[in-house]
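Bear in mind these aren't lab numbers, they're just calculated from the coordinates by the rules spelled out. No experiment lies behind these values; they were computed from the predicted model shown. Cβ coordinates were reconstructed from backbone atoms using ideal geometry, including for glycine residues, and neighbour counts include every protein chain displayed.
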Amino acid sequence: MTLTTIILLVLTLYMVQIFLQETSHFGFDLRGIMGNRDQLPETSVLAGRLGRAKNNMLESLPIFLGLALLALIKGGATSEVTRAASIFLIARVVYVPAYVIGVPMLRSLVWLVAVASLVGMALPLI
């Protein structure tokens, strides 16, 4: 898998997280989100967890994109950077259900793997 493909998959994951978080407010009833959403129903535990998982992705996304784009621009999209980016993607995919299910230690470990993969992307670029 190329670094460009991984970037597109990470962005797709973020869009899926936005969709899940928004629709979860309405119990995944798409008719509910088609309106102007002036009066949101009370946030469920699931919607809260999906929102926090999405916000966490939003916090790490600029770092991932910066490193990935820097690697592409510098010609440093080596197998080492691509491997680290792949690990980031896998960790972020696993993070969402780990957060939603509510497994605190697993969620934290997966988050640490994602952060370590960002370091793994940065080191070859130095």
With the first residue restricted to segment 6-31 and required to be within 30 Å of Leu67 (Cα to Cα), and the second required to be outside any helix (DSSP H, G or I), Cβ contacts under 9 Å at 6 or more apart or on different chains are Leu9/Met1; Leu20/Phe28; Glu22/Arg37
Exactly one of Leu125, Leu65 is more than 29 Å from Thr23 (Cα to Cα) and of a type in the set (A, V, I, L, M, F, W, C), and that residue is Leu125
query = Among the residues of segment 40-48, is there at least one that is within 20 Å of Thr12 (Cβ to Cβ) and acidic (Asp, Glu)?
reply = no
